[in-house]
Amino acid sequence: MCVRVLMCVCAGVSAALQIQCYQCEDVRQDDCSSPEFIVNCTVNVQDMCQKEVLVMEDGIHYRKSCASSGACLIASSGYQQFCTGKLNSVCITCCNTALCNGPRYKRRAASHACRPSVSHYTAPLLGLIQLYLCSH
């Protein structure tokens with residue numbers, strides 16, 4: 001019985017590691033959050049969505065893509081000091097749910113959408129705990 005539970009947990013983890021994100025490069029004014037910009041991220045490699053918002057003289061520019069969690073979190077923390085909302089501002093955000101780098105609907109919802117959840121990181125740990133408990 002314990003082996004079956006562990007197999008189910010592991011199967012759920014592998015399915016959860018592919019997400020969809022919006023992807024576009026240097027789009028002005030439009031935040032490229034329509035269906036034609038949706039892509040499937042690389043399984044087990046790109047586990048987050050990244051969104052860059054640049055405020056330039058000719059308007060707001062958007063870049064969106066799939067990203068690995070390490071690269072995205074490093075980039076977002078490195079540019080945090082430049083995220084002012086003023087001219088030449090660069091804001092980079094990371095999130096790990098489907099299409100989370102899309103439009104901001106409500107301020108409250110957006111703050112939760114860009115906070116990385118750890119559910120798919122903790123699932124393997126739960127599987128190991130289950131294995132340990134079943135063997136003792």
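Structure notes:
- Any chance LYS64 is among the charged types (D, E, K, R) and over 14 Å from CYS32 (Cα atoms): no
- Sub-7 Å Cβ pairs linking a first residue in region 16-37 that is part of a loop (DSSP other than H, G, I, E, B) to a second residue that is surrounded by fewer than 12 Cβ atoms within 10 Å (Cβ to Cβ) and small (Gly, Ala, Ser), at least 6 apart or interchain, are GLN29/GLY59, ordered by first then second residue.
- Residue that is on the phi > 0 side of the Ramachandran plot and not small (Gly, Ala, Ser), where the choices are ASN40, ASN88, ASN96: ASN88
- Any chance VAL27 is surrounded by 11 or more Cβ atoms within 10 Å (Cβ to Cβ), among the β-branched types (Val, Ile, Thr) and modelled with pLDDT under 95: yes
- Cβ-Cβ under 6 Å pairs, at least 6 apart or on other chains, region 62-78 side closer than 18 Å to ALA98 by Cα, far side buried (at least 18 other Cβ atoms within 10 Å of the Cβ) and of a type in the set (Asp, Glu): ARG63/GLU52; SER69/ASP47
The values are calculated or read from the model by the stated rules, or taken from the named source; none is laboratory data. What you see is a predicted model; the values in this text were computed from it and never measured. Here Cβ is always computed from backbone atoms with ideal geometry, including for glycine, and neighbour counts include all displayed protein chains.
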